[in-house]
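What follows is a single structure, written as structure tokens, with notes after it.
The values are calculated or read from the model by the stated rules, or taken from the named source; none is laboratory data. Fair warning: this is a prediction, and the values are worked out from it, not measured in the lab. Every residue, glycine as well, gets a Cβ built from its backbone with ideal geometry; the counts of neighbours run over all protein chains shown.
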Amino acid sequence: MVTIPPGQYVPFTKTARGAQAVPVGAFLLDEFPVTNADFLLFVRANPQWRRSQVSGLFADATYLSNWANDLEPGRLAPADSPVVHVSWFAARAYARWVGGRLPTMAEWERAASAGYRCSDGRNDPELNRDLFAWFAQPAPEVLPSVASAKANFYGVRGLHCLVWEWVEDFNSVIDPAGDAGPGGNLYCAAGASDVKDTGDYATFMRMALRSSLKANNTTGSLGFRCARDTGTAPGGKAPEGNLATEKSR
Amino acid sequence: MNMKTSQNLLARLLALALLGAAVPAARAADDTLGSPEGPVVLPPDLAALPIEHAILVAPPHVPPPITRTTPAHVIVNLEVREVVKKLADGVQYTFWTFGGDVPGRFIRVREGDLVEFHLNNHPSSKLPHNIDLHAVTGPGGGAASAFTAPGHSSQFTFTALQPGLFVYHCATAPVPMHVGNGMYGLILVQPKDGMPTVDEECYVMQGEFYTTGRYGEEGLQSFDMGKALDERPPYVVFNGSVGSLVGDRALRAKVGETVRIYFGVGGPNLVSSFHIIGEILDRVYPEGALGSVEEHVQTTLVPAGGATMVEFEVKVPGTYVLVDHSLTRAFNKGALGMLKVSGPPNRAIYSGKEIDAVYLGSQADEGSAAAERETELKGKIEAEMQSNTAITGLTKEVQIEKGKQVYMGLCFACHQPDGRGLPNVFPPLAGSDFLQADHERAIRIVLKGLSGPVVVNGKAINSLMPPQEAVLTDNQIADVLTYVLNSFGNSGDPVTPDKVKAVRNEMR
């Protein structure tokens, strides 16, 4: 895992007190998103999370739908590609199983705010070009290897331009039912009224995606990675560790 | 509400209850799960409406007119897809679409209809999407109710309270990017009292694309946020790509038909000065407001997120070019389409090119080199006029029309506008036996003039007509004689320029 040093996260939407930076303590974050191989270990050890056995309350009908069967990811889900079609519940269960947790949105956004060569990626033209090039590609049927992702300033790979990722508090930003509610909606031009940087389209898209999801939803371009508090040893319940951790060594 | 929907709802409510109780850590999840309110319970009159499935068609086509005279419960199923398609030759772009094309499927309902809307976001989508229909009365135009994750489907219902032509578009943040990637279309709410019938209906929308590459740069292009913020699009196009309405894909109509174009502007930013080159719009319904009509319009301004309906009868065959008359957009960025009209020509309305001559400027000094050149050129022009099939192919009607102009500029002063002449001074042409007896003689008289006594309709006249051979061309003489031989009650064959030429040569 990679240590993200303490710092700040400025929430995307303004609060009643305006846009105020939130302190984010140091934490550990997986270098790579969780892969199909990683997730296969999890479902082997936890039958209740296999595709045929998972409860519909915790994962909808498309859960692991790109896998060949319960214990075989198959052609469409190569071992070293990020696992997708996983629900928030499944991602959380996995994280707990490896002794970690999902990153909070503040943590995830703080780690992802870095550019390739500096801690502030907002004006990194290379990152922006890659981001919009990624939006310009429809989701591929078979995702590339996590190893293909570029490392950012902190050494974390694939936060952008690979898959979307679940965070612990994914739906805390906006209220999708807010037809007439004050603020808190991102529709039409009203979406811009509460936002600190209306030109930050990439963040808008992440926020919109998160707000569209329910915790049992899965999609073909949404995966996750794990975080830990600093000072906690990686390893957890996974007998042979997880592959993402292996790769980071 | 069908059985499946109610089961889904039940499952969601159950999930909500269970989650709230058993999974405190998922507290935040409650808010998103709890949003659907379930199918609306309709009052009996609305519940009894007949159910119809809307026919959705891809541009530039339009669903057939609605002929029923009472409201219906119309079910609309619209699918969102993110697809790579051609933006220009060699240029690809990932369009976000309502139905697979830009603009999205044309939706047609009737004022008073209850519209049950299903927005289906394809599982391969990267992003959530929704829809804001300007035809909807209610917050967001449906935006929040239709907010749909990839691989999901949303349903909401609205009553089409007001007639008109309305834009719909995706309203998910960042909206300018969703719209800028092609997420817009038109919904027509037909007025209760119906619409005038026309022969052809078509569907065109303008939108601009902010690509990273300059216009024409090959390969898959990305959305360029900087250009979008500055509103500097490399592409401004009709129906989602350069050339979408050109060549084999041009709109088509026949002479005599009335064409109606539903024209909308998706934007996201630019307005359109919509113009059809060579056509005056008989009727324009500005801003899609079907209750108000402007007539005889040349160029109509269509706002971003707005639409207009235009109607016109095509009278002359040929190609009519649709443009945004902010012309670099048409010339350099792609905002150009074509309407090809087939059928017989009507040269009285529009002749086509009659003459192509060199023009040297006026008043060359006599005897100068320029004057000599001018004389030489006049000869060439004359020859061109004789061999030009556009001219030799003149119809009698066109000759009469043009001959009238010659007559009213030259002959009427003596022969009078009504062709009756002046008794004992200038002979009549109306009903003239002298004129009608010998067309060749008439040609000679126009060329060389006439002096001395003649007998016209039994009355002797001794007068003077000046020669016109240096004033009128063979064509003009043929035209003016055809006019007088077919006016004032006269009726006769046309006089051809060849005949005049032959007589002129004989007399040299």
(message) Here is a list: A:S65, A:S119, A:S148, A:S87. Which entry is surrounded by 19 or more Cβ atoms within 10 Å (Cβ to Cβ), on the phi < 0 side of the Ramachandran plot and either out of contact with any strand residue (DSSP E or B) (no Cβ under 7 Å at 6 or more places or on another chain) or of a type outside the set (A, V, I, L, M, F, W, C) (or both)?
(response) A:S87
(request) With a cut-off of at least 1 residues that are within 11 Å of another protein chain (Cβ to nearest Cβ) and under 30 Å from the mean Cα position of the chain (by Cα), name the strands (runs of 3 or more DSSP E) lying wholly within region B:104-220. (result) B:164-169
(message) Exactly one condition in (1) assigned to a loop (DSSP other than H, G, I, E, B); (2) farther than 27 Å from B:Y215 by Cβ is false for B:L270; which is it?
(response) (2)
(request) Please verify whether region B:230-242 includes one or more residues that are in contact with a strand residue (DSSP E or B) (Cβ under 8 Å, 6 or more places away or on another chain), among the basic types (K, R) and without any contact (Cβ under 8 Å) to a residue 60 or more places away in the chain. (result) no
(request) Please tell me if B:P139 is under 18 Å from B:G38 (Cα atoms) and free of Cβ contacts under 8 Å to residues at least 12 places away in the same chain. (result) yes
(message) Criterion first (under 20 Å from B:D282 (Cβ atoms) and modelled with pLDDT of 95 or more) does B:R252 satisfy it?
(response) yes
(message) Restricting to region B:262-275, give me the number of residues that are surrounded by 24 or more Cβ atoms within 10 Å (Cβ to Cβ) and among the β-branched types (V, I, T).
(response) 1
(request) Hey, can you tell me all the residues within region B:479-507 that are of a type in the set (D, E, K, R), touching a residue at least 24 places away in the same chain (Cβ under 8 Å) and in a helix (DSSP H, G or I)? (result) B:D479, B:D498, B:K499, B:K501, B:R504
(request) Quick one: which residue in B:L447, B:L410 is at pLDDT 90 or above and assigned to a helix (DSSP H, G or I)? (result) B:L447
(request) Inspect all residues belonging to region B:487-495 and state whether any of them is within 23 Å of B:P417 (Cβ to Cβ), crowded, with 16+ Cβ neighbours inside 10 Å and in contact with a Pro (Cβ under 7 Å, 6 or more places away or on another chain). (result) no
(message) So, in region B:77-92, how many residues would count as being of a type in the set (A, V, I, L, M) and within 30 Å of B:E116 (Cα to Cα)?
(response) 4
(request) Collect the residues in region A:17-65 that are of a type outside the set (A, V, I, L, M), out of contact with any helix residue (DSSP H, G or I) (no Cβ under 9 Å at 6 or more places or on another chain) and within 14 Å of chain B (Cβ to nearest Cβ), keeping them in residue-number order. (result) A:D60, A:T62, A:S65
(request) Tell me which residues, restricted to region B:77-93, are surrounded by 21 or more Cβ atoms within 10 Å (Cβ to Cβ) and over 28 Å from the mean Cα position of the chain (by Cα). (result) B:V80, B:E82
(request) Please work out if B:L472 is modelled with pLDDT under 90 and not in a loop (DSSP other than H, G, I, E, B). (result) no
(request) Being in contact with a Leu (Cβ under 6 Å, 6 or more places away or on another chain) and assigned to a loop (DSSP other than H, G, I, E, B) is the filter here, so list the residues in region A:18-56 that pass it. (result) A:R51
(message) I need a count of the residues in region A:230-249 that are outside any helix (DSSP H, G or I) and either at pLDDT 95 or above or of a type in the set (S, T, Y) (or both).
(response) 3
(request) Quick one: in region A:200-221, of everything that is in a loop (DSSP other than H, G, I, E, B) and of a type in the set (A, V, I, L, M, F, W, C), which residue is farthest from B:S125 (Cα to Cα)? (result) A:A215
(message) Need pairs with beta-carbon distance below 7 Å; first residue more than 7 Å from chain B (Cβ to nearest Cβ) and within region A:198-210, second part of a helix (DSSP H, G or I); sequence gap 6+ or separate chains.
(response) A:T198/A:A192; A:A202/A:L131
(message) When you scan region B:313-326, do you find a residue that is buried (at least 21 other Cβ atoms within 10 Å of the Cβ), in contact (Cβ under 8 Å) with a residue 40 or more places away in the chain and in a loop (DSSP other than H, G, I, E, B), even just one?
(response) yes
(message) Can you pull out every residue in region B:159-175 that is out of contact with any Gly (no Cβ under 6 Å at 6 or more places or on another chain) and either among the polar types (S, T, N, Q) or surrounded by fewer than 23 Cβ atoms within 10 Å (Cβ to Cβ) (or both)?
(response) B:T159, B:L161, B:Q162, B:P163, B:T172
(message) Criterion first (touching a Gly at 6+ places or on another chain (Cβ under 9 Å) and surrounded by 21 or more Cβ atoms within 10 Å (Cβ to Cβ)) does B:G243 satisfy it?
(response) no
